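The values are calculated or read from the model by the stated rules, or taken from the named source; none is laboratory data. None of the values given here were measured: they were computed from a predicted structure. Here the Cβ is made from the backbone with ideal geometry for all residues, glycine too, and neighbour counts use every protein chain on show. Side chains are part of the model used for accessible areas, which takes the heavy atoms of the whole protein and leaves out ligands, DNA and RNA. Shrake-Rupley method; radii C 1.70, N 1.55, O 1.52, S 1.80 Å.
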Amino acid sequence: MKRAFLVLLLPVALPAARTPLSAQAPPPLSARDSSRALHHAREEQARFERARRSHLPEVSGGDSGTCDEHVGRFCLTYTDEDDDWRPPPEPAPVADARERLLGVLDSTAALIPGDDWVAGQRVRYLVEAHRFPDAVAAARDCRGTPWWCAALDGFALHHAGDAARADSAFSRMLGTMPADERHEWTDLSDILEGKALGRYRRLRGAARDDFAARFWRLADPFFSRPGNEVRSEHFSRNVLDQLQDRAKRPEVISWGGDLRELLLRYGWPIGWERLRQSPYATAEAPSLLTHYGDTEQYLLPPDEALADSGITHGAWDQDPLRARTGYDIPAGDSTLRWIYPLPHQLAVFRRGDSALVVAAYSLPADSFPAGARVDAGLALLADDDSAPLVSRSPGAALEGALTAEVPSEPLLLSLEIVSDSARRAARDREGLRIAPHRAGALAVSDLLLLRPGEPLPDSLAAAVADARGSAVVHPGESVGVYWEVYGLGEAGVRELTLSLRLGATGKGILRRIAERVGLARGGEPVRVKWKEPAAPGSYLPRALLIQVPGEMAPGDYRLELTVEPAGHAELTTARDVRVAE
């Protein structure tokens with residue numbers, strides 16, 4: 001971004017009081033007046049950062065002799081999980097100094113509304129002061145370079161928690177900014193790692209743009225809500241990088257590519273500490289220990305989902321020991337708190353050429369404050385550029401179930417629970433490989449666990465209303481099980497033999513065969529077998545109530561249903577179950 005450099009020629013008096021954001025524009029200024037105003041604003045910004053540095057907490061120590069990663073001039077050290085450093089409350093003199101600076105920036109913006117530096121610093125420090133409505137208004141007052149004003153608008157809206165409008169603002173920015181700036185801001189080299197980084201570096205031109213579009217599409221933390229908080233956070237970090245031009249910081253070192261990389265990877269520091277100086281030290285300013293935040297949830301897509309193999313591959317929401325980058329989602333004065341893992345169960349049921357996906361969840365009673373509004377969403381994303389299929393439940397309870405009818409194809413599922421008022425969220429994201437429908441083929445659905453009740457459901461709609469929020473059961477508990485069998489009428493099946501058993505996981509195939517033919521004891525806590533006639537229709541719904549033995553040991557088990565249609569190969573479906581104490 002290019003900025004005009006105005007030479008200081010004549011002083012101009014600046015009012016100390018903060019002018020309203022809606023103040024009328026003053027009479028046109030000469031270049032000499034503008035130069036003096038800008039010079040004074042930069043002096044005030046430097047004075048504030050000196051005040052901030054002088055009030056930082058002081059600690060002993062320094063170089064520990066270990067370095068987990070070198071980034072340019074800096075030694076990056078990863079702390080232990082229990083080393084949860086948080087900055088102390090901001091001293092009152094620092095807050096007062098920031099308000100003084102904002103008063104000067106407000107006055108200067110009224111005098112020279114077209115200056116990019118003033119507009120940027122004004123929005124920055126309003127956000128830092130958590131004055132989000134004022135920051136949004138200040139960004140709208142920007143009269144400088146159009147793409148930079150759009151960037152400031154996105155920055156302010158993002159930190160104010162308005163994901164949809166922030167995303168739109170950054171899209172406007174990308175559409176108007178120069179090509180070289182756009183290339184720098186959209187480059188993913190600093191945040192990718194592993195195989196994804198290797199693939200990205202080999203791409204050029206449109207292929208690289210397509211990769212980036214896929215990356216941000218999958219990195220969206222909430223498919224069921226408008227906006228993309230992770231993409232907006234990345235561009236907000238680029239805004240902060242741009243704001244370091246001709247600005248002072250707590251660190252008395254020049255801004256460079258290494259600090260830019262750290263900013264893009266981890267965001268703005270959450271705080272600093274001054275290292276206590278030796279009495280014989282000659283440095284003008286003490287060395288600082290810079291702290292970056294520890295992201296609660298790893299939100300970026302796995303390598304496998306970014307590869308040509310498709311978005312259903314790879315494990316989501318993993319917690320790498322040392323992630324190369326991390327993203328927090330702003331939530332007012334703090335960041336969004338994640339509840340992980342999200343207890344849930346998923347099941348798929350065939351409906352002609354499409355499928356009905358059921359996602360049931362159950363959050364602990366203390367996961368959200370009493371009275372907090374909780375919104376639930378189920379989104380399924382195809383491996384193309386289409387919008388996700390979304391089912392929403394605004395004002396949902398802490399336990400519930402959502403359904404969505406989708407095409408029978410591989411999809412990425414995202415179950416999302418968010419409370420804006422409580423600033424908390426939970427999600428599960430995983431691939432679903434839904435087999436396409438084959439006319440006349442026999443098939444059996446997934447198993448859906450139910451809360452006990454009478455009568456047992458005779459339809460999927462009734463079963464969804466009784467769906468358990470997870471596959472966790474307890475000894476002595478009654479558990480309902482619902483499933484469907486397909487293609488019986490087309491295949492001419494008249495009789496079925498069914499068996500349902502709950503057994504320990506981890507048995508080898510030879511052991512299972514020996515148990516089936518009676519050469520070894522199975523030792524299943526639950527085993528039921530029966531015959532029944534095959535009813536006509538496109539599918540056969542069935543439900544059964546089983547009792548978990550009271551003496552059943554806690555652990556992982558598998559609930560397996562076997563369907564033997566007379567004259568046809570048997571069908572099996574299973575669900576992993578956790579028996580808790």
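Miscellaneous remarks
- Top-ranked residue in segment 198-213 [being in a helix (DSSP H, G or I) and of a type in the set (Lys, Arg); ranked as least open to solvent (accessible area, probe 1.4 Å)]: Arg208
- Criterion applied to Tyr327, Tyr292, Tyr280 was being aromatic (Phe, Trp, Tyr), at pLDDT below 90 and open to solvent by less than 60 Å² (accessible area, probe 1.4 Å), and the one residue passing it is Tyr292.
- Unmet requirement for Asp106, which otherwise passes all of (1) acidic (Asp, Glu); (2) loosely packed, with under 12 Cβ neighbours inside 10 Å; (3) over 21 Å from Leu262 (Cβ atoms); (4) at pLDDT 80 or above: (2)
- The one condition from (1) open to solvent by less than 60 Å² (accessible area, probe 1.4 Å); (2) of a type outside the set (A, V, I, L, M, F, W, C); (3) closer than 29 Å to Arg424 by Cβ that Glu273 does not meet is (3).
- Within segment 558-581, considering residues that are among the charged types (D, E, K, R) and outside any strand (DSSP E or B), the one surrounded by the most Cβ atoms within 10 Å (Cβ to Cβ): Glu570
- Filtering segment 368-384 to residues that are open to solvent by 10 Å² or more (accessible area, probe 1.4 Å), out of contact with any Gly (no Cβ under 8 Å at 6 or more places or on another chain), in contact (Cβ under 8 Å) with a residue 24 or more places away in the chain and not hydrophobic (A, V, I, L, M, F, W, C) leaves only Pro369.
- Scoring Asp63 on the criteria (1) at pLDDT 75 or above; (2) under 38 Å from the mean Cα position of the chain (by Cα) leaves a single failure, condition (1).
- Look at (1) on the phi > 0 side of the Ramachandran plot; (2) free of Cβ contacts under 8 Å to residues at least 24 places away in the same chain; (3) of a type in the set (Gly, Ala, Ser) and you find that Gly227 fails only one, number (2).
- Listed here are the strands (runs of 3 or more DSSP E) enclosed by segment 322-407 that have at least 2 residues being over 22 Å from Tyr298 (Cα atoms): 344-351, 354-362, 389-393, 399-407.
Every residue, every condition in (1) modelled with pLDDT of 95 or more; (2) closer than 25 Å to Leu336 by Cα; (3) hydrophobic (A, V, I, L, M, F, W, C); (4) in contact with a Gly (Cβ under 6 Å, 6 or more places away or on another chain), yes or no:
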site: Thr145; (1), (2), (3), (4): yes, no, no, no
site: Asp153; (1), (2), (3), (4): yes, yes, no, no
site: His158; (1), (2), (3), (4): yes, yes, no, no
site: Ala164; (1), (2), (3), (4): yes, yes, yes, yes
site: Ser168; (1), (2), (3), (4): yes, yes, no, no
site: Ser171; (1), (2), (3), (4): yes, yes, no, no
site: Met177; (1), (2), (3), (4): yes, no, yes, no
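- Per the listing Trp268, Trp216, Trp255, the residue uniquely within 24 Å of Ala160 (Cα to Cα) and not in a helix (DSSP H, G or I) is Trp268.
- Counted residues, segment 160-174 - those being part of a helix (DSSP H, G or I) and open to solvent by 40 Å² or more (accessible area, probe 1.4 Å): 4
- Any hit, segment 78-98, residues being surrounded by 15 or more Cβ atoms within 10 Å (Cβ to Cβ) and of a type in the set (D, E, K, R): yes
- Residue selected from segment 422-440 under the condition of a type outside the set (A, V, I, L, M) and not in a loop (DSSP other than H, G, I, E, B), by the criterion most open to solvent (accessible area, probe 1.4 Å): Arg433
- Total residues in segment 393-421, condition within 18 Å of the chain's Cα centre (by Cα) and either on the phi > 0 side of the Ramachandran plot or surrounded by fewer than 19 Cβ atoms within 10 Å (Cβ to Cβ) (or both): 2
- Among the numbered conditions (1) assigned to a loop (DSSP other than H, G, I, E, B); (2) among the acidic types (Asp, Glu); (3) touching an Asp or Glu at 6+ places or on another chain (Cβ under 6 Å), the only one that Asp245 does not meet is (3).
- Odd one out for Ser421 among (1) in contact with a Leu (Cβ under 9 Å, 6 or more places away or on another chain); (2) without any contact (Cβ under 8 Å) to a residue 60 or more places away in the chain; (3) among the hydroxyl-bearing types (Ser, Thr, Tyr): (1)
- For Ser224, the criteria (1) of a type in the set (S, T, N, Q); (2) assigned to a helix (DSSP H, G or I); (3) open to solvent by less than 20 Å² (accessible area, probe 1.4 Å) hold in every case but one, which is (2).
- Filter pass, Glu532 being open to solvent by 20 Å² or more (accessible area, probe 1.4 Å), of a type outside the set (A, V, I, L, M) and modelled with pLDDT of 90 or more: yes
- The set of residues in segment 126-146 that are touching a residue at least 60 places away in the same chain (Cβ under 8 Å), of a type outside the set (D, E, K, R) and surrounded by fewer than 24 Cβ atoms within 10 Å (Cβ to Cβ) comprises His130, Phe132, Ala137, Thr145.
- Note on segment 447-472: residues that are open to solvent by 10 Å² or more (accessible area, probe 1.4 Å), in contact (Cβ under 8 Å) with a residue 40 or more places away in the chain, part of a loop (DSSP other than H, G, I, E, B) and more than 12 Å from Arg542 (Cα to Cα) total 4.
- Number of residues in segment 473-491 that are open to solvent by 50 Å² or more (accessible area, probe 1.4 Å) and assigned to a loop (DSSP other than H, G, I, E, B) equals 1.
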